[in-house]
Amino acid sequence: MRARVLAGALAVLTLLTACTARRADGPEPGAPRPGTLRVLASSELADMAPVLERIAGDTGVRVEPVYTGTLDAVQLLAEGRADGRYDALWLSSNDYLRLRPEAARKVVSETPVMASPVAIGVRAATLDALGWKRDDVTWSRIERAVRDGRLTYGMTDPSRSNSGFAALVSVASALSGAQSALTGRDVAQATPRLREFFAGQRLTSGSSGWLAAAYKRRGTVDALLNYESVLKGVPGLTVIRPRDGVVTADYPLSSLASAGAAAREDVRRLAEALRSPGVQRMITERTLRRPVVASVPPAPGLDRARRRELPFPGSRSVADGLLDAYENKLRRPSRTVYVLDTSGSMRGERLARLKKALTALTGDFREREEVTLMPFGSAVKRVRSHVVDPARPGAGAAGIRRDTEALDARGDTAIYTSLQAAYDHLGAAGDTFTSIVLMTDGENTAGADAAQFRAWYAGLDAERRVTPVFPVLFGDSDRAELESIAALTGGRLFDGREDSLGGAFEEIRGYQ
Amino acid sequence: MRRIAGIVLAVLLIGGVVAAVVAGRGEGDTSTATKTVRAVIGSEKAEFFADPDVVKALAAKGYTVRAETSGSWAMEGLDLAGYDLALPSSRAPALGLAAKYGVRGELPRPFYSPLVVVAHENAAEVLAAGGLARLDAPRRGTLDMARYLDAAREDRTWQQLRGAAKYPELTGTLYLSSTDPETSNSGALYLAAASYVANGGRVVASRAEVDRTAPLLRKLVSVQGAQQSGSDAVFRDFVSGAGNPLVVVYESQVAALLAGGERPDDLVVLYPDTTVTSDHTAVPLTAGGRAVAALLSTDPRLRELEVRYGFRPQGAPTAFASATAYLRTELTGIHQAAVPTSPVLHELARRARGQGGERT
C-alpha cells in the first residue's frame, strides 16, 4: 500500500521535473530514479562498464552515465545547468574544476577511484632507432627527437579531451623549466620550445579511441601521448612515463550539492564499493589504471618506479591561457574544407539549419586556420577560402558568415565528384592538419559513383590520402554510404539529425 | 502548482521514513530497531563510521549513523536541514555552524589528531641529509618547520639538496602539498602552523601580523598549483604513488591505514616540530545528534575504536601499540601551536590563495 503511494508520488515528481526541466545543450539525462545515479562522466570511463555492472549486482546501485568532455562538464556545472539533472560527477580529474569556484562549489565530496599518469607510447622501431631506455627518457629528450625530425606523434585536442589537456600541461611544465606550478610567464617564456615540440604532432583527435585507430591506420606516426592506461591498450607501443614528471588523472567520483540525500547516500555506497580491494583489483586488471588502495598492487606491466607529479596550474587564467596558446599559436594550423550539399532538397528549413549551424561555428575557428566552403549540387558551385588572420581579427569569420548567407539550394547531389574537388583543393598536408567535412541530406545522384571514387582515392599518393573525411548524417542521407566514406578515408561519422547539426559540427572541431 | 509540489514532497517524506525503517530491518539486528542519525562529517572520519565494529557499537546503544562527507569549511555552504549532527574536523568551523543553526552550550570534542607530513622514503632521506628533518626511527621522524619555511622563502629546489640526484622524482621546488585552505580544514591548519612559526612562535592575531606572514603563506600555496579539497583525496593520491612526495595529512589517516594491517614500505611519518591538532568537534543539531556526540566522548568501546582509527580520545593517554614504527605514542617534544581565530584564519587562507587581488 505504502509502496504504491510512494510509486505514485515518484510518478508525479517525475512529471513535475519533466515540465520544469530546461532544455540545455548536450544529451539529456533521465528523471531521477531511486537506485540509479545519473552521472556526468568523462567518456574514457566507458571501459568501466563491467566494473559498474558488478557493483550494481553487489549493491543495487546503478550508474547511468552521460559522457562529456571535462571543460564542457565544468561549464555546465558553473552555469548551474547540472543542478537537479545529475546526481554525481565523475571526470578523469577535478583539477580544472577547482579553477572555477562557481563550479567547485557544486561538489560536496570527492573520492579518487583510480589513477593513470600521462605517458608517451613509442613504436618499437623508433625506440630502437633513438636508443632510448625506458627509465631515462625525459620531456627534453622527446623534444630533441622531435626537433631533429626523428619523432612524430599524435595526441587528443586539449580543449575537448582531458588526456590532451593533461599532456599539454605536462609538456608545458617540463619544457618551461618551471620548478613549481606554471605561471603565465612560464608559458610565455617556453613558447618557442613548445612551438617546436608541437610541430611534431601529426594526429589530432577529439577522443582517445579515434586517436588510436588513426594511429594504427596511418602507420607512419611514431608515438602517441595519452594516459598510460590508454596507451597500454594499443598493441606495439612501449609506454614511457617521462622521468622529469607527469600529470596524473585520479578519477574522483564527486557527489553534487544539488542531488538529494538519497542520491548522495548512493554515491557514497558506490564510492565505497569502488574502493573495496576486490573491485580495485578488477579495475587495475581490466582497465590498466592504477589502484588507490595500498593493499592492491598495480596490474603486472605497470611500472612501479616513482615519478614526480607536475603541479597543475593554480589559476584559471594560466590554464585557459595555455589552452589558448596551444590552439592559436603552438599547434600546427588546420586546413579544413566544408563540402556542403546545397542541392534542391536542401531548400527551406534544411538550408536554414545549415546556415545557422555554420554561422554558430565561426567563433570557433582558430587563428591561422584556413577554412574553405565548397557548396555543391550537380557539381561544386563555388570554392571560397578564408584564413583566420590574427592581424585582422574578425575578418575571416565575417567572410565565412557572408558566404554562408549566400548559400542557395539548387541542383542534384554530386557527393563523390565534390569530394574529389576537396582533395584536389587541399593537396598535400604539409605542415598542417587537413580534413574534410561532408554534409549531405541525400544520396549521390550525379557525377562520379562510389566505385569510381574508391578507385580514384586508391590512386592518391600517401601525402594526400592522410586527409580524413568526416561525414555528417542529415535529413535523408544514406548512413551506409557515409559510413563507407568515413571508413575508406579514416574519418568518423557524426550524427547531425534531429536538430543537432550544430552539435555535430562542434564535435568535429576536436578532430580538425 | 506549488501546492501540488508541497503535497508530493510530504508524501515523499513519509515514503522516505518507511524506506529507512525497512532498510534498517534488512541489515540484521532484527531485535533492536535503531534510531537513524544523519551526520555530515569531515572525509577523514568516513572509514571510522563505516567500520562494522563502530556500526555495531553504535547500534548497541540504539543508533545507526548515516554519514556523508564534506570539507569542514564547505559545511557552511550546505543546507543541513534534516541532519542530526555535523562533525567537522576542528573547532573553528564547528563554532560557525553552531552559530548558524543556533546550537547553544559547550560543543563536545570527542577526539583530536595532530597534523603530520607523510613522506616517501627517498624524500625523507634527502630532507634528513639536508638538515630539514631528523629521522627518529626508519619510518618516523621530525620535520624542522623553521628550516622548511626558510627553504620555501628561498624557493629551494630538490636539486639543490645533496643526494636528490639519485631519485628522478625529486626535482622542482621543495614543498608540502595540502588541501585547499579555503574549503578544507587540514589545509587551513597547515597555514595555522606555518603562520605561527613565521610569526616568531606567536599566534597571528593582528592585521600587522597577517600582513607580515601572508606573503610566505601565499608562496606555500601558489607553488602547489591546483589543490584538492579533501584530506582523504590527497592521502589516497599519496598512497597510490601519484602526487607530491610530501603531503600534509592528519595523523589519524596514517593510523587508520596501519590499523587496517597495511605496512606500506614507502611511507615515513614526519611530525612537524611545531604542529597543530585538529579538535574534531561535534555540532549536535537534534537530540539524536547530541546523544551520538556524547557516546563518541564517553562510550568505552567507541573510544577504543577511535584509537584504532588513529584518533586520540580527549583526556586519555594513547598508544598506537601496533604502529609504533611509524607513529609516536606520545606527542612530547612536539610544540602544539594554537590556531588563530576563525576570521583571522579565513583571512590567512584567502590571502594565501591569492584572493587579495595582487596576482591571478
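Name the shape class, rounded, prolate or oblate, that the alpha-carbon gyration tensor gives for chain B, where a ≥ b ≥ c are the square roots of its eigenvalues, rounded holds for a/c under 1.5, and otherwise prolate holds if a/b is larger than b/c and oblate otherwise. Cα axes put chain B in the prolate bin. Computed from point charges on the beta carbon alone (+1 for Lys and Arg, -1 for Asp and Glu), the dipole magnitude for region A:290-421 about its Cα centre is near 240 Debye. Residue ranges A:351-362, B:223-234 sort as B:223-234, A:351-362 when ordered by packing (mean number of other C-beta atoms within 10 Å per residue, highest first). In this structure, A:Lys356 and A:Glu102 have a Cβ-Cβ separation that, at R0 = 22 Å, corresponds to a calculated FRET efficiency of about 0.15. Projected label points at A:Ala124 and A:Arg147, each 7 Å from Cα along the beta carbon direction, are separated by 3.1 nanometres. Remark: mean inter-chain Cβ contacts per residue of A:262-271 equal 2, using a 10 Å Cβ-Cβ cutoff to other protein chain atoms. Oblate is the label for chain A, because a/c, from the alpha-carbon gyration tensor with a ≥ b ≥ c as root eigenvalues, is 1.5 or above and a/b does not exceed b/c. Scoring B:236-244, A:124-132, B:61-69, A:221-229 by mean Cβ neighbours within 10 Å over their residues and listing the highest first yields A:221-229, B:236-244, B:61-69, A:124-132.
Per residue of B:177-188, other chain Cβ atoms within 10 Å of the residue Cβ number 1 on average. Computed on the Cα trace of region B:151-285, the radius of gyration divided by the Kirkwood hydrodynamic radius gives Rg/Rh = 0.98. Extension gain, B:Lys56 to B:Thr324, is 93.7 nm, computed as 0.36 nm per intervening residue step minus the present C-alpha separation. Between region A:426-498 and region A:47-87, what is the C-alpha centre distance in whole Å? Taking the Cα centre of region A:47-87 as reference, the centre of region A:426-498 is 34 Å away. Distance between the C-alpha centres of region B:242-273 and region A:92-127: 23 Å, rounded to the whole angstrom. In region A:333-511, the DSSP beta bridges split such that about 20 percent are antiparallel, to the nearest 5.
How well do other chains shield peptide B:230-236, expressed as the mean number of their Cβ atoms within 10 Å of each residue Cβ? Average neighbour count from other chains, rounded to a whole number: 5.
Between region B:116-151 and region A:169-203, the C-alpha centres lie 32 angstrom from each other.
Taking label positions 7 Å along the Cα-Cβ direction at both B:Thr36 and B:Asp79, the computed distance is 1.9 nm, reported to one decimal. Listed by chain and number, the aspartates and glutamates placed with their C-alpha closer than 15 angstrom to that of B:Lys61 are B:Asp29, B:Asp53, B:Asp299; residues fewer than eight positions away on the same chain are left out. With respect to chain B, whose longest principal axis is taken over its alpha-carbon atoms, helix B:91-100 is tilted by about 40°.
Can you bin region A:112-207 into rounded, prolate or oblate? Criterion: square roots of the alpha carbon gyration tensor eigenvalues sorted a ≥ b ≥ c, rounded for a/c under 1.5, prolate for a/b above b/c, oblate for the rest. Because its axes are fairly even, with a/c under 1.5, region A:112-207 counts as rounded. In terms of overall dimensions, the protein assembly as shown has a Cα radius of gyration and Dmax of 29.2, 90 angstrom.
According to a simple spin-label model (label point 7 Å from Cα along Cα-to-Cβ), what is the distance in nm between B:Arg162 and B:His335? In this crude label model, B:His335 to B:Arg162 measures out at 2.7 nm. Residue ranges A:464-476, A:313-325, B:129-141 sort as A:464-476, A:313-325, B:129-141 when ordered by packing (mean number of other C-beta atoms within 10 Å per residue, highest first).
Stretching A:Val383 away from A:Ser140 to a fully extended chain increases their span by 83.2 nm, per 0.36 nm per residue minus the current alpha-carbon distance.
Every number in this text was worked out from the coordinates using simple rules, so none of it is lab data. In this text the structure is predicted, and so the values were computed from the model without any measurement. Glycine gets a Cβ as well: all are built from the backbone with ideal geometry, and neighbour counts include every protein chain shown.
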